[in-house]
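For reference, the structure is listed below as structure tokens.
The values are calculated or read from the model by the stated rules, or taken from the named source; none is laboratory data. Note that the coordinates shown come from a computational prediction; the quantities given were computed from them, not determined experimentally. Positions of Cβ are generated from backbone atoms using ideal geometry, with glycine treated the same way; all protein chains shown enter the neighbour counts.
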Amino acid sequence: MNNNHNKIISALGYIFILFFLAFLFYKYYATIFINGENNKSNPPNNSINVSPITGEVIQNVTSNAPLLQVTYEFNDISRLYKITSADIVIEEFPSESGSLIYKGIFYNKNISLNESINTISSISTSSLPTIKFLDPLELDKNLFSNKIDTIFISYTPQLNTSFIYKNGEYFHYSTNVQDVNRFSNTPITFKNVLVEFRDKSGDTHDGMLFSGGKLQKLKISGTKITMINDSKELPFSLLRGNTIWIKCPNSSKIITADSHIES
């Protein structure tokens, strides 16, 4: 009787061990293979929680699709809801429309509908360039040059955007008036200013990157951006923080200067 009882207990123990091993194998498989496939188009949760588009430390990723693109209804940047919270702001001037179009890209942030918002959609990180992040002291090592604190971009004789660099930020101006967000009542500023000169005849465009009061030339081909210094190519690099990406026709005029503005 006791022998039979012991055999039953041993058999149950073996069955339990087999089920436990099968469970561990399934968890390993799901973590490595299933979740890996599902997360290819989304930024992963990571132990240090660094945004892949600003390089800043953030809170835990709380969404399966944490990267959102907001297309705005208005062409006045000061009237755009949550624009000062956007990680990347896109300012585009299609010459055929004659007015500016704004979009905001937000990582791991909740955005609700507002009268200034046209659409909110989820996007993949593959739609954005790969970004390396720098500290200000690394700009010279990465061949940033030409100290510049004033940027003026003329779309038409009546429409322009400009920036003044001071206190480590680029302050945004629309037609020579400083922009202050109407919702937060704060100046609209950026850590990086990227200008892309778009040509309808090709997929590769020239560009300029302004970071830390300095300049770097760019070659832009789709989502691939390369920094160009003479004939040397360098990985696309930004200072940590938000970026405005200006997409303008080749006909747009850009004037830069070092006006010795105190910072």
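At a glance:
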{"item": "Unmet requirement for A257, which otherwise passes all of (1) farther than 24 Å from T54 by Cβ; (2) of a type in the set (A, V, I, L, M, F, W, C); (3) touching a helix residue (DSSP H, G or I) at 6+ places or on another chain (Cβ under 8 Å)", "result": "(3)"}
{"item": "One residue from S184, S174, S127 being among the polar types (S, T, N, Q), farther than 29 Å from S95 by Cβ and in contact (Cβ under 8 Å) with a residue 24 or more places away in the chain", "result": "S184"}
{"item": "Hits in the stretch 82-103 - residues which are assigned to a loop (DSSP other than H, G, I, E, B), within 21 Å of T186 (Cα to Cα) and not acidic (D, E)", "result": "K82, A86"}
{"item": "Candidate set from the stretch 193-206 (those that are modelled with pLDDT of 95 or more and within 19 Å of S127 (Cβ to Cβ)); member that is surrounded by the most Cβ atoms within 10 Å (Cβ to Cβ)", "result": "L194"}
{"item": "Looking only at the stretch 79-98, and only at residues there that are among the polar types (S, T, N, Q) and touching a residue at least 60 places away in the same chain (Cβ under 8 Å), the one that is farthest from I153 (Cα to Cα)", "result": "T84"}
{"item": "Residue among F106, F152 that alone is under 21 Å from T223 (Cα atoms) and either in contact with a Cys (Cβ under 8 Å, 6 or more places away or on another chain) or in a strand (DSSP E or B) (or both)", "result": "F106"}
{"item": "Hits in the stretch 89-104 (condition: β-branched (V, I, T) and buried (at least 22 other Cβ atoms within 10 Å of the Cβ))", "result": "V89"}
{"item": "Top-ranked residue of the stretch 207-246 - restricted to ones that are charged (D, E, K, R), within 27 Å of T84 (Cα to Cα) and over 15 Å from the mean Cα position of the chain (by Cα), ranked as surrounded by the most Cβ atoms within 10 Å (Cβ to Cβ)", "result": "K214"}
{"item": "Evaluation of S184 against (1) in a strand (DSSP E or B); (2) touching a helix residue (DSSP H, G or I) at 6+ places or on another chain (Cβ under 9 Å); (3) among the polar types (S, T, N, Q) (one fails), failing number", "result": "(1)"}
{"item": "Qualifying residue in the stretch 150-164 (condition: more than 24 Å from F74 (Cα to Cα) and touching a residue at least 12 places away in the same chain (Cβ under 8 Å))", "result": "yes"}
{"item": "Flag if I151 is under 26 Å from D258 (Cα atoms), of a type in the set (A, V, I, L, M, F, W, C) and under 18 Å from the mean Cα position of the chain (by Cα)", "result": "no"}
